[in-house]
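A.B. asks: Dropping the structure in here first, questions after.
The values are calculated or read from the model by the stated rules, or taken from the named source; none is laboratory data. Everything numeric in this text was worked out from a predicted model, so none of it was measured. Cβ sites come from the backbone with ideal geometry, for glycine too, and all protein chains shown count toward neighbours. Heads up: the accessible areas ignore ligands, DNA and RNA and are worked out on the full protein's heavy atoms, side chains in. Shrake-Rupley method; radii C 1.70, N 1.55, O 1.52, S 1.80 Å.
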Amino acid sequence: MKQIKSLPELVCPAGTPSALRVAVDAGADVVYCGFRDKTNARNFPGLNFSRDEMADGIRYAHTHGAKTYIAINTFPQAGNVTLWKQAVDDAASFGADAVIVADIGLAAYTAKNHPHLRLHLSVQASASNEDAICYYCDAFNVKRVVLPRVLSIPEITALNSVIPCETEVFAFGGLCVMAEGRCNLSSYATGKSPNMNGVCSPASHVRYRQDKDGAMTSKLGEFTINRFAKEEAAGYPTLCKGRFRLNGEAGYIFEEPTSLDALSLLPDLLKSGVAALKIEGRQRGRAYIEAVVLAFRQALDAYAKGRPIKTDALINLAEGGQSTRRPAGRAGPAAEGEKRNRHLLPRHGHEQARGQCHARAGGGPDADDRGQ
Amino acid sequence: MRELAADRTLTIEANDVSALPPLHGRNHVIGPYISVYNEETLQYLAQHGARRICLSPELPFSAARTLAAEGRRHKAEIEVQVFGRMPLALSARCYHARAHKLTKDNCRFVCAKDPDGLRLCTLDDQPFLAVNGIQTLSDSYLDLAEKIGEMKAAGIRHFRLSPQDCDMVRIAHHYRNAADGREPLKKIETLLPQIRFSNGYYDGHEGHRRLSP
Ligand code: SF4
């Protein structure tokens with residue numbers, strides 16, 4: 001039997017108290033969640049935790065041997081920093097096991113006022129190299145950094161040998177295409193942004209239009225983000241995952257609307273020395289959370305016992321999810337010109353190795369496709 | 001980076017946190033790709049040598065005003081872009097190379113073919129964004145000439161022109177006039193009739209909008 005020292009933590013999303021319980025019961029080592037306001041990067045209606053719910057959630061997790069991390073990972077608003085400081089203070093007083101922050105000022109506040117509260121650096125800080133990570137560790141005693149998804153497994157391994165903190169990597173879900181925490185695309189089109197409002201491509205600005213030929217056009221504010229032929233399922237118009245025209249060709253210019261599924265890469269990922277695997281999706285329902293957490297729990301336990309990992313455990317879920325957009329592996333009728341452009345899509349070549357990160361593209365509906 | 005930082009005659013603008021350690025304790029500028037959204041962050045960076053901070057284009061004037069007031073207490077000045085395409089996103093992938101069917105490591109510097117960026121349109125052919133290598137910018141040019149007076153009154157003293165492929169000398173005169181409080185001879189739209197201008201971010205709206213003053 002293969003001997004390994006310890007498995008990384010399985011860090012799972014919880015957008016509601018019931019999702020938190022489901023994740024803990026399904027085998028999450030950690031759940032991460034946010035308060036019900038703009039202090040967290042999943043500030044959607046009907047999501048997140050009141051103060052009482054958070055205190056209860058932490059208690060539930062602790063009684064069942066799990067930890068709770070609280071994401072306070074938007075950038076505090078000038079003139080209203082108190083809301084964010086209060087969130088950190090409350091997280092500390094409720095006994096959260098860590099806070100996940102992105103803002104330099106908030107990191108400084110946390111390090112100074114709550115030196116015993118574990119500080120994790122959110123992916124929204126976009127710290128993707130040794131110097132940037134060391135800056136946060138030296139300045140604020142950051143214990144763990146959530147790595148941007150652009151890093152390959154060899155790059156993650158190399159980083160782990162030179163930085164003074166733990167790393168956490170995304171293993172499943174929808175993620176940002178651009179450098180996290182520096183993307184103003186959403187506010188350019190809608191006035192609302194991840195950094196300021198905790199939302200990207202917000203549903204309040206989404207419109208669908210049925211065209212005469214049966215095609216469905218999705219718009220964000222005044223801009224068309226995608227068009228789906230009659231038989232194609234219309235996906236959510238996350239801005240960077242739309243179809244546009246560039247240099248005379250139309251297609252997914254930035255990225256195909258696929259999400260991350262690292263199950264098949266788990267053995268290599270585990271050898272890279274990461275301290276934690278993160279599942280994206282605080283906006284997801286309980287059934288989704290349960291399925292994903294169970295699959296990863298089983299995969300990790302199988303690995304620990306030297307048994308093979310079931311790498312296709314989430315394919316049905318992923319494909320089911322992807323059917324809200326386009327069946328996986330088929331070009332689909334799509335917008336005109338898309339087929340011509342397909343060889344430009346992130347499938348081959350060196351750029352994929354860097355840009356397409358440590359995981360294959362899987363599926364999953366991306367009601368909101370950002371990492372956190 | 002360390003060598004550059006050691007040359008004290010240079011003014012260095014950091015646009016990634018990885019550039020900050022060698023600049024620690026030495027005067028420097030913070031660029032728009034380091035997120036400075038509030039007083040606490042400004043204060044922390046100023047304490048370590050940031051003397052000027054160029055804000056992210058998405059920040060509204062209300063935030064810039066608060067930051068300028070805080071900056072005065074910490075010897076850090078605020079800079080605001082007033083002209084040109086707005087930097088909106090960065091990525092690990094080069095969309096320019098991709099659009100020309102090249103890989104990033106063998107790109108033959110194709111981005112140089114498009115000195116004003118490569119226009120990205122919606123499927124309805126509506127101009128939307130501009131691609132410049134690993135950077136994505138707005139298709140519209142920002143124009144805040146008419147807001148410079150208000151910003152000056154709030155203590156903002158630095159105004160950035162992002163160079164575009166046009167007569168930048170005329171453009172610079174135009175904004176110089178505005179900064180000196182003189183009436184512009186012509187509206188910016190008359191100087192660059194083929195360009196769409198925007199100023200929506202200034203009052204907290206969508207960045208692409210052109211709102212009348
Ligand atoms: S998901 Fe949103 S915030 Fe992330 S890269 Fe795409 S547009 Fe930007």
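A.B. asks: Name the pairs whose Cβ atoms lie under 6 Å apart, with the first residue in the stretch A:70-82 and in contact (Cβ under 8 Å) with a residue 60 or more places away in the chain, the second open to solvent by less than 10 Å² (accessible area, probe 1.4 Å) and charged (D, E, K, R), and 6 or more positions between them or separate chains?
C.D. replies: Every condition considered, the pairs that remain are A:Phe75/A:Asp103.
A.B. asks: Which of the helices (runs of 4 or more DSSP H) contained wholly in the stretch A:93-193 include at least 3 residues that are more than 21 Å from the chain's Cα centre (by Cα) and of a type in the set (D, E, K, R)?
C.D. replies: A:130-140
A.B. asks: Specify the residue that is surrounded by the most Cβ atoms within 10 Å (Cβ to Cβ); the eligible residues are those in the stretch B:187-202 that are aliphatic (A, V, I, L, M) and part of a loop (DSSP other than H, G, I, E, B).
C.D. replies: B:Leu192
Conditions (1) in the same structural domain as A:Gln283 (by TED's automatic domain parsing); (2) under 30 Å from A:Ile253 (Cα atoms); (3) without any contact (Cβ under 8 Å) to a residue 12 or more places away in the chain, marked per residue:
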position: A:Ala102; (1), (2), (3): yes, yes, no
position: A:Val123; (1), (2), (3): yes, yes, no
position: A:Ser128; (1), (2), (3): yes, yes, no
position: A:Ala132; (1), (2), (3): yes, yes, yes
position: A:Tyr136; (1), (2), (3): yes, no, no
position: A:Asn141; (1), (2), (3): yes, no, no
position: A:Pro148; (1), (2), (3): yes, yes, no
position: A:Leu151; (1), (2), (3): yes, yes, no
position: A:Val162; (1), (2), (3): yes, no, no
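A.B. asks: Please determine whether any residue of the stretch B:146-154 is touching a Pro at 6+ places or on another chain (Cβ under 6 Å) and either among the charged types (D, E, K, R) or open to solvent by 20 Å² or more (accessible area, probe 1.4 Å) (or both).
C.D. replies: yes
A.B. asks: For the stretch A:212-243, which residues satisfy the criterion of being within 13 Å of chain B (Cβ to nearest Cβ), of a type in the set (Phe, Trp, Tyr), within 13 Å of the ligand (Cβ to nearest atom) and in contact (Cβ under 8 Å) with a residue 60 or more places away in the chain?
C.D. replies: Across the stretch A:212-243, there are no qualifying residues.
A.B. asks: Moving to a separate point now. Output the number of the condition that B:Pro127 fails; it satisfies all remaining conditions of (1) touching a residue at least 60 places away in the same chain (Cβ under 8 Å); (2) away from every other protein chain (no Cβ under 12 Å).
C.D. replies: Looking at each condition in turn, B:Pro127 falls short on (2).
A.B. asks: Something else: Name the residue that is nearest to B:Met151 (Cα to Cα), counting only residues in the stretch B:173-186 that are assigned to a helix (DSSP H, G or I) and open to solvent by less than 70 Å² (accessible area, probe 1.4 Å).
C.D. replies: It comes out as B:Ala179.
A.B. asks: Kindly establish whether A:Arg209 is surrounded by 22 or more Cβ atoms within 10 Å (Cβ to Cβ) and either in a strand (DSSP E or B) or within 16 Å of the ligand (Cβ to nearest atom) (or both).
C.D. replies: no
A.B. asks: Residue check: is B:Arg170 touching a residue at least 24 places away in the same chain (Cβ under 8 Å), out of contact with any Ser or Thr (no Cβ under 7 Å at 6 or more places or on another chain) and open to solvent by 30 Å² or more (accessible area, probe 1.4 Å)?
C.D. replies: No; evaluated as a whole, the condition is false for this residue.
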